[in-house]
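These notes are about the structure you will find just below.
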Amino acid sequence: MDGVQQWAEGVSYAPCPPDEFCGRHEEREQLLALLSRAGEHGQAAMISGPPGIGKSSLLNRLAYDLQDRTNGPRSPVLRAEVFDLPGMIFSAFRELLKDLQGHAVSGRFRDLLESEGLKEAVRYADDLLEKYAAPVEPVGLLPKAGEEIIGVFARSPEVGYDRVREAFEELLQELGRLMVGSGHIAAVLLDDVHLASRLDRRLLLDIIHDLPPGILLAFTCRAGDGVGPGYAAMREAVQNRGAPLVQLPGMRSHEIQEMGQRRFDLAISDATAALLEETPGDPFSLMACFNTLRHRGLAPSAGNIGGLLAGGGDPAGLAFAALPEFRRVWAEELCVLNPPFPVPVMACMLDLQGTDMTLMMDRLQESTIFRRLPGGEYAFAHPLLQEHCRRKLSADAKITLNARAADCFERSMHRLSGRLHVLLSLACHFFNAQDYAKAADLNLELGIRFYHREDYDTALVLTERAITSAEHLGDDALLAAAENQRDLVRQKMADPVGAVQ
Ligand SMILES: Nc1ncnc2c1ncn2[C@@H]1O[C@H](COP(=O)(O)OP(=O)(O)OP(=O)(O)O)[C@@H](O)[C@H]1O
Ligand SMILES: [Mg+2]
């Protein structure tokens with residue numbers, strides 16, 4: 001580890017790099033054991049636990065163990081992450097396909113994946129996934145043209161869910177066949193499934209139900225209060241298959257000592273480790289605690305740690321207190337955005353241009369609280385940091401920053417490729433900025449599109465925003481239309497056939 005650079009701000013709160021990963025031997029064994037069975041029957045596993053317990057880090061390490069480790073099984077790994085913006089239909093599944101395409105075209109698994117059948121199956125599945133979401137993607141939008149956003153949603157759905165499912169399942173079967181033929185297993189890893197929309201959860205459940213030989217599927221799902229309906233449904237599906245549920249506990253004292261040593265160069269005594277095992281025990285809080293000790297130049301004694309933890313406060317608050325002021329300002333200004341954050345939008349939010357933008361990206365690279373995503377966008381290094389910043393925003397700051405975010409999206413729209421993300425972000429920012437005139441139409445229109453796409457959860461969120469907006473505007477006709485739409489959505493949600501978990 002590069003001492004000076006590293007300690008300028010501390011150790012990143014992003015999921016742990018595999019070479020710094022500590023402990024969790026049992027859980028790793030449990031997951032790796034699935035590999036030996038996956039040649040006969042496809043295997044699935046769910047990694048769960050409360051926020052900050054180390055699920056994403058374990059998934060990272062699993063990817064390394066399976067794909068990269070010397071003397072490891074050298075299994076091709078496809079990875080994707082779900083982000084917290086309801087309605088991003090199948091975007092994580094498209095990420096998986098992109099990974100597979102990458103492996104098949106230029107990666108070191110090219111020989112294993114050399115098959116016209118597979119390439120065709122990838123193209124077909126990707127085409128269907130894209131078409132499924134297409135009606136909510138406006139083409140040829142001009143910036144600053146809210147009305148035109150509405151005008152482009154004329155097409156009706158052409159691709160039904162069943163075709164998407166079949167295409168994805170056929171693709172996995174083809175991949176599994178190739179793997180079994182060459183004595184390998186392909187691993188599909190999905191992070192943060194609790195954030196997935198209804199359709200993505202449905203596709204994942206269908207896939208788990210019928211996983212072909214040659215495939216190992218592992219995914220993470222937050223457990224605990226307020227994580228929505230995803231967790232219970234996923235746990236049930238995994239258990240029905242007899243697949244393992246890997247529930248992560250807090251770190252044990254020897255793992256805490258290993259973490260202190262390996263990631264922070266801190267020698268933690270047995271007594272201190274025992275204290276930390278009791279409270280707080282989760283790796284995120286440990287990271288905040290160790291970073292703060294380093295920042296304040298304190299020894300890792302039980303007394304000093306007891307002092308840090310005495311407030312019993314939010315560990316993300318502890319993390320921010322140890323950061324330079326400008327970093328806290330950036331975090332506050334960016335926290336209203338929905339990840340992944342496009343670079344032009346971030347630069348606009350921070351009022352940076354030209355060479356400043358290069359500097360911004362360098363600074364983000366060094367930072368402990370942001371991380372660069374594989375597609376070049378950014379996110380907070382850990383969701384708890386973003387959640388903390390959002391909670392701390394005053395009502396006025398929330399309005400101002402959301403108005404700025406809406407404006408930045410409109411200005412940058414022509415440079416952004418993820419149209420669905422742009423539209424959903426705009427719908428959210430207009431609403432949170434209390435720009436009800438723009439929010440009403442856009443949320444109502446998007447709501448009906450999601451209704452036709454059978455994503456009733458997202459349809460309801462959007463339609464309820466339209467109702468609130470219409471109430472603020474005092475527009476009775478709009479309010480009646482929005483309430484009518486809400487009733488339609490609710491009917492579908494109450495219908496046991498339509499109501500997929
Ligand atoms: N086994 C580990 N060894 C070293 N550091 C770890 C380990 N597990 C987690 N960490 C660190 O702890 C923090 C939280 O871990 P991680 O992001 O994996 O949690 P999570 O369970 O995925 O959280 P969330 O529920 O918010 O997604 C990260 O900063 C990570 O680097
Ligand atoms: Mg995580």
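Just so you know, all these numbers are worked out from the coordinates, no wet-lab data involved. These numbers come from a predicted model, not from an experiment. All Cβ positions, glycine included, derive from the backbone under ideal geometry; neighbour counts span all protein chains shown.
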Handout entry: Disulfide-incompatible cysteines by the Cβ rule (no partner under 4.7 Å) in the chain
Key = C16, C22, C221, C289, C428
Practice task
Can you put L479, L373 in order of Cβ neighbours within 10 angstrom, beginning with the fewest?
Solution key: L373, L479
Problem - Under-5 Å amide H pairs with V246, H placed in peptide plane, nonlocal only - result: M46, I47, S48
Exercise for the section: Give me the number: length gained by fully extending D487 to R235, i.e. 0.36 nm times residue separation minus the C-alpha to C-alpha distance, one decimal in nm. Expected result: 87.7 nm
Fill in the blank from the handout: The ³J(HN,Hα) series, computed from each phi in the range 288-297 with the Karplus coefficients 6.51, -1.76 and 1.60 at θ = phi - 60°, rounded to the nearest Hz and given as x for glycine or proline, is 5, 5, 5, 4, 5, 4, 5, 4, 8, x
Completion exercise
Pseudo-spin-label distance R252 to I399, built 7 Å along Cα→Cβ, given in nm, is 5.4
Practice task
Just rank D200, D495, D84, fewest to most, by other beta-carbon atoms within 10 angstrom.
Solution key: D495, D84, D200
Exercise for the section: Can you give me the three principal axis dimensions of the range 162-203 from its C-alpha atoms, in Å, biggest first? Expected result: 35, 24, 7
Exercise for the section: Take every DSSP beta bridge whose two residues both sit in the chain, then give the antiparallel share in percent to the nearest 5. Expected result: 15
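Near V345, within a Cβ-to-Cβ distance under 14 Å, what is the net charge of the other residues, with Lys and Arg +1 and Asp and Glu -1? Provide the component values of the computation, followed by the final result.
Values: positive: R404, R411, R415, R419; negative: E333, D351, E377, D407, E410.
Net local charge, V345 excluded: -1.
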Practice task
Give a residue-ordered list of calculated ³J(HN,Hα) values for the range 112-120 (Karplus: 6.51 cos²θ - 1.76 cosθ + 1.60, θ = phi - 60°; whole Hz; x for Gly, Pro).
Solution key: 5, 9, 5, 7, 4, x, 5, 4, 5
Exercise for the section: Take the Cα gyration tensor of the range 254-321, multiply each eigenvalue by 5, square-root it, and list the three semi-axes largest first, rounded to whole angstrom. Expected result: 16, 13, 11
Exercise for the section: From the C-alpha gyration tensor of the chain, pull out the three semi-axes of the equivalent ellipsoid (sqrt of 5λ each), sorted largest to smallest, in whole Å. Expected result: 36, 32, 21
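Count the lysine pairs in the chain whose Cα atoms sit under 24 Å apart, keeping only pairs 8 or more residues apart in sequence or on different chains.
Details: K55/K98; K98/K119; K98/K131; K119/K131; K131/K492; K144/K398; K144/K438; K398/K438.
Lysine pairs meeting the criterion: 8.
If you take every residue apart from R123 with its C-beta less than 14 Å away from the C-beta of R123, what net charge results, scoring Lys and Arg +1 and Asp and Glu -1?
On the way: positive: R94, K98, K119, K131; negative: E116, E120, D126, D127, E130, E170, E174.
Combined, the nearby Lys, Arg, Asp and Glu give -3.
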Practice task
Would you mind counting up the charge near R327? Only other residues with Cβ under 14 Å from its Cβ, with Lys and Arg at +1 and Asp and Glu at -1.
Solution key: -3
Problem - Karplus-derived HN-Hα couplings along the range 72-84 (A = 6.51, B = -1.76, C = 1.60, θ = phi - 60°), whole Hz, x at Gly and Pro - result: x, x, 6, 8, x, 10, 10, 10, 7, 10, 9, 10, 7
Handout entry: Total charge dipole magnitude, the chain, about the Cα centre, Cβ charges on Lys, Arg, Asp, Glu only, Debye to nearest 20
Key = 500
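What length, rounded to one decimal in nm, is gained on full extension from R123 through to E166, with 0.36 nm per residue of separation minus their alpha-carbon distance? Before the final figure, lay out the partial values.
Numbers: separation 43, 0.36 × 43 = 15.48 nm, distance 1.37 nm.
Net length gain for the segment: 14.1 nm.
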Fill in the blank from the handout: A student asked for the Cα radius of gyration and Dmax of the range 25-247 in angstrom ought to give 18.1, 58
Handout entry: R0 of 41 Å, Cβ-Cβ distance D270-K392: FRET efficiency to nearest 0.05
Key = 0.65
Handout entry: Gain on full stretching of the segment that runs from H414 to N304 - 0.36 nm per residue minus C-alpha separation
Key = 34.4 nm
Problem - Simple label model, 7 Å out from Cα along Cβ direction - T358 to V329, nm - result: 2.3
Practice task
For V188, list long-range residues whose amide hydrogen, built 1.01 Å from N in the peptide plane, is under 5 Å from its own amide hydrogen.
Solution key: L78, L216, L217, A218
